[in-house]
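S.K.: Attaching a single structure in structure tokens format; questions to follow.
What follows draws every value from the coordinates through simple rules; no lab data is involved. This structure is a prediction, so every number in the text was calculated from the model and none was measured. Here the Cβ is made from the backbone with ideal geometry for all residues, glycine too, and neighbour counts use every protein chain on show.
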Amino acid sequence: MIENSSKPVETRNSQVCALEITRDWLHSEGGRGRIPTALAALVEATISAVERGDAPPEKDGASLYEIWRLSRGQASSGSPPRGPEFDKWWQAREGHIRQVCLDHDCPWAPTLIVRTGGGRQNLTTYAFDFRPLEADDPADGDSTAGQPTDSYGLRYRIDPIKPALWLRLLVGSKPFPIRSWRGYVLLGSVGVDILLIGLMWSVLVLSWSQPRPVTINDLLNLGLATVTSLFLWRLSRPIRLLPARRVTVANEALMSLSTLHGQLRTMHDGATRFSGRTFSMVRHWGVCPTCAAEVDLTEGEHEFAGRLIGRCSDAPLEHVFSFDPVQLRGVPLRADREAPVVARSSR
């Protein structure tokens, strides 16, 4: 009897845990746009209701939009997002949220319920419900982890990685907002690299301003300045590309010696370049749906210029996938991919 009475309490606590994980994810990864801000407010209201033992509340789109407008100031303008926009935004990110809940050993994951209305008197309402994670895809420890239901697609997951020692001493190893002293130090390091490059070449040019014979020391200084400039420029490249790409491949100087693959990741708030972003060093990876080997992100190079792609560790030239940082999914990029052909040896 006592066990049966405690089950609703345990369920309620685990559902609150799932909502708190979702709230933290929306604050750190969702940004400050209309939809994530409105959903974060809906999550807060749902947490209060579930803690009291009440049913998850429903809110209409106008109320959620007013919450976002007040968070941005009275001058904010625009129209409330519609039900399909909320649903599409949530569906694109639900897999990531469920993965985070699973990583925290939470048995539940929230799902957004959109009840479409019609007319002024029948408004579209939004509420959160809960789905057990046992009914999800295979667990991360299984050999098929990370595979979606489509056998020709790829689902990425995100794990934290360990930064290099100098970077840990500089800004720490945990995620942090860009608009913080750690964020300013990180961005300032790019300016320091550029300043050092400029100073080196300025000194070199000044030393050659007077006519004199070229010596071995001059050539050594030229070579040292070139190597140092290339190193500093390469070191700062992942940080310099973050505003445009949001996810960049970390080079070896930014990662610990025990880390082989990693990326820099930030989230955009929809208004300015860095306001509201959270910086983190992570590893996006998945399981190849063709051979079950691990897939890691890398630069697309000349074949897929300007893109990040996933390459299979066992067949990096053939098993190549796209990378969607929002949906955390990828599709094969080889146009000639067809049914596999089995090579047979002649007797």
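S.K.: Using label points projected 7 Å from each Cα along Cα→Cβ, tell me how many nm separate Asn251 and His302, to one decimal.
M.R.: Here the answer is 2.1 nm between the modelled labels.
S.K.: Okay, next question. For Tyr184, Tyr65, Tyr126, Tyr156, which order do you get if you count the other beta carbons within 10 Å of each Cβ and list the fewest first?
M.R.: Tyr184, Tyr65, Tyr126, Tyr156
S.K.: Separate question: From the phi of every residue in region 231-248, what ³J(HN,Hα) in whole Hz does the Karplus formula 6.51 cos²θ - 1.76 cosθ + 1.60 yield, where θ is phi - 60° and glycine or proline is x?
M.R.: Per-residue couplings from phi come out as 5, 5, 5, 5, 4, 8, 4, x, 6, 5, 8, 4, x, 8, 9, 6, 10, 10 Hz.
S.K.: Quick one: net charge around Pro163, please, counting Lys, Arg +1 and Asp, Glu -1 for every other residue with C-beta under 14 Å from its C-beta. Before the final figure, lay out the partial values.
M.R.: Details: positive: Lys162, Arg168, Lys174, Arg182, Arg265, Arg283; negative: Asp159, Glu252.
Computed value for this residue: +4.
S.K.: Applying 1/(1 + (r/R0)^6) with R0 = 56 Å to the Cβ-Cβ distance of Glu134 and Leu204, what FRET efficiency is obtained, to the nearest 0.05? Mind dumping the intermediate values first?
M.R.: Working: r = 65 Å, r/R0 = 1.16.
Efficiency for this residue pair is about 0.30.
S.K.: Let me ask something else about it. Taking H as built 1.01 Å from N, whose amide H comes closer than 5 Å to the amide H of Tyr156, not counting residues under 5 places away?
M.R.: Excluding prolines and chain starts, which carry no amide H, the hits are Arg329, Gly330.
S.K.: Please list, ordered by chain and number, the residues whose modelled amide H lies under 5 Å from the amide H of Phe128; skip anything fewer than 5 residues away on the same chain.
M.R.: Ile113
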